[in-house]
Amino acid sequence: MADRLVVGFDLDMTLVDSRPGIAAAFRALSAQTGVYVDADAAVTRLGPPLRHELRIWFPPERVEEAVDAYRALYPAYAITPSVLLPGAAEAVGAVRDLGGEVVVVTSKLGRLARLHLDHLGLPSRRSPATSSRRARPRPLPSTACASTSATTSRTW
């Protein structure tokens, strides 16, 4: 089997500056739930799963409710304010021009990651990976998105 070129890019802060959108979603969550979330502090800790951040602000019995509410708010508040980082599209394009595969790594739900990719014009072939540990692993075809919080991957 010939060697393949596979290059991985983290979604947040490598391809996309999602801090403005994530902060807006946290502010909307605070307004909806009445629980203060310091959005400016939260966006300094991107990377770990959402539950980790929400455990800082919400009592244990409300964390799952907050996760669901945040994810419901995310498309309306977090996508449009997020911006493609300089050189991101060119880097992805360069890998593809060489016949390589691009792997996007994120702990976001696949449907939310896909919204960012679509909004910012990063071409994709299929939907991104989910960060759910309940998802079933799938093989990585030509272009993929992998989750850091699970062992799943799907093409994007």
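The values are calculated or read from the model by the stated rules, or taken from the named source; none is laboratory data. Because the structure is predicted, anything quoted here is derived from the model rather than measured. Here the Cβ is made from the backbone with ideal geometry for all residues, glycine too, and neighbour counts use every protein chain on show.
The table below gives the values:
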| quantity | calculated |
| --- | --- |
| Residue check, PRO123 assigned to a loop (DSSP other than H, G, I, E, B), over 10 Å from the mean Cα position of the chain (by Cα) and at pLDDT below 90 | yes |
| Near pairs, Cβ below 9 angstrom, 6+ apart or cross-chain, from region 88-100 (touching a residue at least 24 places away in the same chain (Cβ under 8 Å)) to any residue that is assigned to a helix (DSSP H, G or I) | GLY100/ALA94 |
| Pairs where the first residue, in region 19-46, is farther than 19 Å from THR80 by Cβ and the second is of a type in the set (S, T, N, Q) and surrounded by fewer than 18 Cβ atoms within 10 Å (Cβ to Cβ), C-beta under 6 Å, 6+ apart | TYR36/SER30; VAL37/SER30 |
| Among the candidates ALA89, ALA150, residue that is at pLDDT below 50, out of contact with any strand residue (DSSP E or B) (no Cβ under 9 Å at 6 or more places or on another chain) and either farther than 25 Å from ASP3 by Cβ or buried (at least 19 other Cβ atoms within 10 Å of the Cβ) (or both) | ALA150 |
| Residues of region 1-53 satisfying the condition of being under 30 Å from LEU98 (Cβ atoms) and among the aromatic types (Phe, Trp, Tyr) | PHE9 |
| So GLY34, is it on the phi > 0 side of the Ramachandran plot and exposed (fewer than 13 other Cβ atoms within 10 Å of the Cβ) | yes |
| Residue that is out of contact with any Leu (no Cβ under 7 Å at 6 or more places or on another chain), crowded, with 17+ Cβ neighbours inside 10 Å and not assigned by TED's automatic domain parsing to the domain that holds LEU122, where the choices are LEU50, LEU11 | LEU50 |
